[in-house]
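The values are calculated or read from the model by the stated rules, or taken from the named source; none is laboratory data. Every value quoted in this text rests on a predicted model; they were computed, and no experiment measured them. FYI the Cβ positions are ideal-geometry reconstructions off the backbone, even for glycines, and counts take in every protein chain you see.
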Amino acid sequence: MMNKENILILGIETSCDETAAAVIRNGREVLSNVISSQIELHKLYGGVVPEIASRKHIEKINQVIEAALKEANVTLDEIDSIGVTYGPGLVGALLVGVAEAKAISYAKNIDLVGVHHISGHISANYIENLELQPPFMCLVVSGGHTHLLLVKDYGKYEIIGMTRDDAAGEAFDKVARAIGLGYPGGPKIDILSKEGNPNAIKFPRAHIEDNKYDFSFSGVKSAVLNYINSCQMKNIEINKADIAASFQNAVVEVLVNNAVHAVEEYQMDKLAIAGGVASNTSLRKAMKLACEENGIKLYHPSPIFCTDNAAMIGVAAYYEYINGTRHGLDLNAVPNLKFT
């Protein structure tokens, strides 16, 4: 089977509030990428409600997989392996994807590969950047994760730094809620900040003493909340655009500085960014400028591959598959799956 000219992977992703399926050929070519988003539903509650997310995944999973196969013009009989996110994420949501993948694997006798969600985000960079190969440095920034990683080889990673508290995307969501923007916070702050002055308010930048590449965003989040409360107590009108721009500036500065310094210290010349926050226009612009100034090649996925999607899971699964990784029908969802 490994001598086949074309290897087809069916990717499944249900870790949060997107039900997604994709068909990937040879690890780089996306034949289909179908995403059923629940954002409009969860907006009513100001964030993702796990029970609702799980129910929606159950409703949508079969339709999404059928649509992905149809769009790719393939049948399950042509699929070599099923790649599925098994953690981290919301346990109920993950279980829907894992159960579906195991059912198809058993019924059709197709190899099963469990994929770590962060590995998927990193692998999204391989889709459109065909020349990108390890080793390189990668910054993963999303609602649940902020990791700075050395990508040693396909599927082989070393954590250089990570957040000690809030993930960057989590801080974006909390600040967005505080200034009345609603959910999802990241894209809304990105848009509003364009109307504000990023230097209007000096919010703190955290530096970790015992690991200069670790991150902390709870301080800057608390500083924003304290600033808003202080203004309200003194009857001072707040400028939401200035708050959004100044907060975003503080977060972006730390992300860019840590990533660029890590690339230089580890003597790399390639930096990739991934995860939902990687589609933030301010982060992309600042990272592009810093990389140009320091002679670093910058890679990032298109926005559609930054947020949760199954194409990235299919790509990660392809490299695991050709390296011999297989999972049995005892594969389970692991909501707090560690990343090593």
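Does Glu209 satisfy being in the same structural domain as Glu253 (by TED's automatic domain parsing), without any contact (Cβ under 8 Å) to a residue 12 or more places away in the chain and assigned to a strand (DSSP E or B)?
When the stated conditions are applied, Glu209 does not pass them.
Which of the residues belonging to region 175-190 are assigned to a helix (DSSP H, G or I) and more than 24 Å from Ala259 (Cα to Cα)?
If the condition is that a residue be assigned to a helix (DSSP H, G or I) and more than 24 Å from Ala259 (Cα to Cα), then Ala176, Arg177, Ala178, Lys188 are the ones that fit.
Between Ile118, Ile127, Ile82, Ile122, which is in contact (Cβ under 8 Å) with a residue 60 or more places away in the chain, in contact with a Lys or Arg (Cβ under 7 Å, 6 or more places away or on another chain) and crowded, with 23+ Cβ neighbours inside 10 Å?
That would be Ile127, the only listed residue that is in contact (Cβ under 8 Å) with a residue 60 or more places away in the chain, in contact with a Lys or Arg (Cβ under 7 Å, 6 or more places away or on another chain) and crowded, with 23+ Cβ neighbours inside 10 Å.
Hey, among the residues in region 85-110 that are in contact (Cβ under 8 Å) with a residue 60 or more places away in the chain and among the charged types (D, E, K, R), which one's farthest from Thr19 (Cα to Cα)?
In this case the residue turns out to be Lys102.
Give the residue that is farthest from Val251 (Cα to Cα), with candidates limited to residues of region 169-206 that are among the polar types (S, T, N, Q) and free of Cβ contacts under 8 Å to residues at least 60 places away in the same chain.
The qualifying residue farthest from Val251 (Cα to Cα) is Asn197.
Would you be able to tell me the number of residues in region 250-271 that are farther than 17 Å from Val140 by Cα and either buried (at least 22 other Cβ atoms within 10 Å of the Cβ) or of a type in the set (Gly, Ala, Ser) (or both)?
1
Do you know which of the residues in region 272-299 that are in contact with a His (Cβ under 7 Å, 6 or more places away or on another chain) and assigned to a helix (DSSP H, G or I) is surrounded by the fewest Cβ atoms within 10 Å (Cβ to Cβ)?
Looking at the filtered set, the residue picked out is Arg284.
Residue by residue, here is whether (1) crowded, with 16+ Cβ neighbours inside 10 Å; (2) among the hydroxyl-bearing types (Ser, Thr, Tyr) holds:
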site: Tyr183; (1), (2): yes, yes
site: Glu195; (1), (2): no, no
site: Ile201; (1), (2): yes, no
site: Glu209; (1), (2): no, no
site: Phe217; (1), (2): yes, no
site: Ala223; (1), (2): yes, no
site: Gln232; (1), (2): no, no
site: Ala241; (1), (2): yes, no
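Just to be sure before I move on: is Asn73 in contact (Cβ under 8 Å) with a residue 12 or more places away in the chain, farther than 12 Å from Glu13 by Cβ and of a type in the set (S, T, N, Q) in the structure I sent?
Yes, satisfied.
When you go through (1) surrounded by 17 or more Cβ atoms within 10 Å (Cβ to Cβ); (2) touching a helix residue (DSSP H, G or I) at 6+ places or on another chain (Cβ under 8 Å); (3) within 27 Å of Ile110 (Cβ to Cβ); (4) not hydrophobic (A, V, I, L, M, F, W, C) one by one for Pro335, which number turns out not to apply?
Looking at each condition in turn, Pro335 falls short on (1).
Test of understanding: among Ile52, Ile65, Ile35, Ile7, which residue is farther than 21 Å from Ala316 by Cβ and of a type outside the set (Lys, Arg)?
Ile52
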